[in-house]
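Read-outs throughout are calculated quantities, based only on the coordinates presented, and are distinct from any laboratory measurement. Keep in mind that this is a model prediction, so the values were computed, not measured. Reconstructed Cβ throughout: ideal geometry from the backbone, glycine too, with neighbour counts over all protein chains shown.
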Amino acid sequence: MKTKIIILVLMSIGIFLFSVYKVEYPYKEGVLYSQNQLSRYNEKQYENKNNNNLVNRNEAIKIATYILRDILDIDMTAGNPAMYVDIYRNVEKEETYNWNIWWTRNDYSGSYGVEINSSTGEILNIYINDIMPVKNTNISTELTNEEILTIIKPLTDQLEINLDGYDLKISSRVDYNIKGVKTPYKYCLFKNKNKEEFSIMIDSRAEAISRYKKNPTEEV
Amino acid sequence: MKFWKKIFLYSVILFLVLFSGGGIILIEKIHNDNLQTIISSAMYRYLNIKSIMDLNADNLLDFDINNNSSVQKWIEVTINGYSMNKGEPYYIELYSEDNKVVMSDFDMYITDERKEITEAKKDELSFIIRSLDNKKYVFISSIINLKNKEFKLIISKDIQYVYLHKNYNYKFFIVLDFLIFIILAIGMYIISKNLTNPLVKLSDISKDIAKGDYSKRVEKTNTTDEIGVLENNFNIMIGVIENNIEELKFLNESKQRFIDSLNHEIKTPITSIIGYSDLLLKSKLNEDMRVKALSYINSEAKRLESINSTLLKLILIREEKDEMTNVNMGEIISNVTSMMDYKLERKNITLEIDIEDRRAYVDKHLIIVLISNLIDNSIKASDENSSIVIKGYSNESNNYILKIRDYGMGIPKEDIDKVLEPFYMVDKARTRKNNGIGLGLSICSEICKVYNISIDIESQLNTGTEITLTFNKGWMTDEN
């Protein structure tokens, strides 16, 4: 019994001393430490995996301008719009930064913008909050699938999306958001076998794309 | 030091050492974790800023990289122009390759060597902690490349709250330690007192017992732990000691009575012999008186010889076991009763015998002495025309029971314990009249002791006596 107690006491002291030894005592002041001496720091977690393919600021602005002006036919001179550039980190993939470039008209009558992955240059989001020139005055006329595909083709071609591999689901919506004008929309959701998806919203009166979103987490 | 004080002190000291030691380790561990987290967070922030600088590097084309104010303007646009960089305050400093300030929004004066600048590395972040104006700051640095020119980028952050949190934890722990210490001290005082109280009582009682008061007992605590067992065992031990002491007292008294009786039994005939011999020597007696005196001297001398031979027999019985033989109990009873026939007839006593015939491996001679003594005593105690019953049978334990019952004068209750002692006579006059010397039952008792035969005497005055002999089954045998 006595031997057991002595062993127990010695073990307790051993565990205690081991714990004291194992505690990493705080860093001293005035001493320069390397990142390797910080066990909680893991640079790889935050490292940009596609550093070789960085889309920097000017490149991002060029891409956004091209998409809006040349593909979606937005008049980017109307209303003397001001350009804003921001950068944010992807919430789900923290290692990537996304550019958000948008223009707002001087009179705040409309805005449009593009979000671009800075690593891959991929277009993540296009949004156009504007009253577009009306091509189809009959509000009750529904756009056919063929008409819809014709409207979105220039954009999908530009984004190098092969629509053959995607299933299309179309629904109709009416929105009063822009200056209270009643605007009918077609909401198109594309999904392929690899569960990749994107959505496109079409202004039925203007017969033009008002929104594109890669991997929509919620309906637009 | 008292035992309860030892328990109290050791447990409290052990607690203080372990709890305080553990608490300090825990607080330092938490502080270290917090410090690591906050420094890591600052490093990730550094990487953010570096990434944003890289992403905006093309914008630097519009600025003159060799002009400090131009670079400062670029940084202003790059760092402060994005919503991401707003929020937690960080200080940014940019130094040239030769450690000259390009831009800095850190407005405190640092007196010690700026190792984070002079020893900055290209692909590795370094950090240093400094105290400035009673606050702690962490500085993170590395070498970055802008427009093919190397700069040293340093970001710094106020981390004083991590140290304040540690101080707060220490203050909280000291209060907690003190409170728990007080509660533990009170608790351990009560526990150690309660645990040792039975031992204190035990000690007090043992002192009383040492003074000779064997009637004291420990008040039991109704627990089954070691203390409860100790109390129980202590009481058992004292009970045994008390019984042994009572027995020793009784034995002592018996011995004293034996010496007194022996002295008396020897002195009485000697006195008679001296008296009659003096009379013969000093007086001129006629023939009748002379013969009478000589016959007294003769009878008293014979009595002395009888006492001597019987005592010798008693000693021999104690010291040796004689020849063991296989005997029949019925036969022994028959032999004894034939020996007693003339005595029975003289008093016209009826003998009723009911004996189960079993065989025993004993010393026949001694068993005959034992039974004949008992029957002889019964005859002596019985009145004329009465009866004596002898029964022999096996009980449920297969022991052999032999009962001898008479309906005579009986033994007074207070004498029952003493009748087996040598020379003890219930009715001395009657015993002497029958030429008894008071050694018959003592011899019986010694024979019983030698053969482990239990002897029980039940008697009631003027009603009779029943003596029960229980022969252990070990002595009984069914072999012829």
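Brief remarks on what is shown
- Extension gain, A:Leu163-A:Lys62: 0.36 nm per intervening residue step, less the Cα-Cα distance, totals 33.8 nm.
- Pairwise FRET efficiency - B:Tyr109 versus B:Phe19, Cβ, R0 = 41 Å, nearest 0.05: 0.40
- Loop trypsin sites (Lys or Arg not before Pro), segment B:1-101 (other Cβ atoms within 10 Å of the site Cβ: 12 or fewer; DSSP): B:Lys2, B:Lys86, B:Lys100
- By definition, a body whose alpha carbon gyration tensor gives a ≥ b ≥ c is oblate when a/c is 1.5 or more and a/b is not larger than b/c, and segment B:434-473 fits this oblate description.
- Histogrammed with a bin width of 10 Å, the alpha carbon distances of segment B:159-198 distribute as 28, 27, 21, 14, 8, 2 percent, first bin at zero.
- Here the calculated FRET efficiency for B:Thr118 and A:Ile15, from their Cβ-Cβ distance with R0 = 60 Å, stands at 0.90, rounded to the nearest 0.05.
- Theoretical gain in end-to-end length, B:Asp158 to B:Thr350 [0.36 nm per residue, Cα-Cα removed]: 56.7 nm
- Excluding same-chain neighbours fewer than eight residues apart, the aspartates and glutamates reachable from B:Lys201 by a Cα-Cα span under 16 Å are B:Asp213, B:Glu219, B:Glu226, B:Glu231.
- Placing unit charges on the Cβ atoms only, positive for Lys and Arg and negative for Asp and Glu, gives segment A:131-220 a dipole magnitude near 300 debye about its Cα centre.
- Separation of the B:His165 and B:Thr221 label points, Cα + 7 Å toward Cβ, nm: 4.8 nm
- Segment B:326-355 residues near the modelled B:Asn452 label - backbone nitrogen below 19 Å, point 7 Å along Cα→Cβ: B:326-327
- Förster radius 45 Å - calculated FRET efficiency between A:Ser34 and A:Tyr88 (Cβ-Cβ, nearest 0.05): 0.90
- Label-point gap, in nm, between B:Lys73 and B:Glu150 - each point 7 angstrom along Cα→Cβ: 2.8 nm
- Unsatisfied cross-links (Cα-Cα over 32 Å) in the set A:Lys62/A:Lys195; B:Lys50/B:Lys115; B:Lys115/B:Lys171; B:Lys347/B:Lys413; B:Lys380/B:Lys449; B:Lys216/B:Lys418: B:Lys115/B:Lys171
- The Cα atoms of the protein assembly as shown cover 183, 72, 45 Å along the three principal axes, with the biggest extent listed first.
- With the convex hull constructed from alpha-carbon coordinates only, chain B shows a mean projected area of 50.4 nm² over all directions.
- Across B:Lys100/B:Lys121; B:Lys211/B:Lys255; A:Lys135/A:Lys193, pairs whose alpha-carbon gap is larger than 28 Å: A:Lys135/A:Lys193
- Spin-label zone in segment B:378-414 - amide nitrogen under 16 Å from a point set 7 Å from the Cα of B:Asp357 along the C-beta vector: B:392-394
- For B:Ile355, the residues whose modelled amide H falls within less than 5 Å of its own, excluding neighbours fewer than 5 places apart on the same chain, are B:Gly392.
- Charges were assigned to the Cβ only: +1 to each Lys and Arg, -1 to each Asp and Glu. The resulting dipole of chain B about its Cα centre is roughly 1340 debye.
- Qualifying GluC sites (Glu not before Pro) in segment B:238-324, where qualification requires a DSSP coil assignment and no more than 16 other C-beta atoms within 10 Å, comprise B:Glu320, B:Glu323.
- Selection among B:Ile227, B:Leu248, B:Phe258 by position relative to the dipole of segment B:214-320 gives B:Phe258 as farthest towards the positive end (Cβ unit charges, Cα centre).
- Inter-part distance where segment A:150-215 and segment B:358-428 are each reduced to a Cα centre, Å: 127 Å
- Euclidean distance of C-alpha centroids, segment B:212-234 and segment B:1-50, integer Å: 47 Å
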